[in-house]
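Taking it in order: structure first as structure tokens, then the write-up.
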Amino acid sequence: MSSSVDQPVFSISTRAAARLTEVARAAAKETGAQPALRVEVLAGGCSGFQYRFALDENPKPDDVIIERDGARVIIDQASLELLHGAELDFTEALMGSHFAIRNPNAASSCGCGLSFAID
């Protein structure tokens, strides 16, 4: 038996969970269904890969669903490989607020925070 602690596959910060819950509740009032946040990694962007965020009410059978405090995040298997050990956070700043990924697999990222490169 190993004594090492495994790194979580993907985590959601307290701030991100709180904001995502607010967003999902507002969407549910309009559509009747409470969506989750889909996080995807796509080829492209300034650095090679880019994050994509979208509300999604229909997870696919092979998606992974991560939950915290009522907030749900959906990640497809291919994206999860590039997000292993990453955390979804929510940042509020003077110039605006947004969801952001803290990804230990990213060797570099661009200034917008939406694209990254790996070694």
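Rule-based calculations on the coordinates, nothing more; no lab input. Worth saying up front: this structure is predicted, and the values here are computed from it rather than measured.
Using only the Cα atoms, what convex hull volume per residue in Å³ does segment 10-117 have? Please list the in-between numbers first.
On the way: hull volume 11.3 nm³, N = 108.
With only Cα atoms used, segment 10-117 gives 105 Å³ per residue.
So for segment 10-117, averaging the separation of alpha carbon pairs under 8 Å that are six or more residues apart and normalising by length, what relative contact order in percent results?
On the way: 202 pairs, mean separation 33.6, N = 108.
Averaging sequence separation for qualifying contacts and normalising by length gives 31 percent for segment 10-117.
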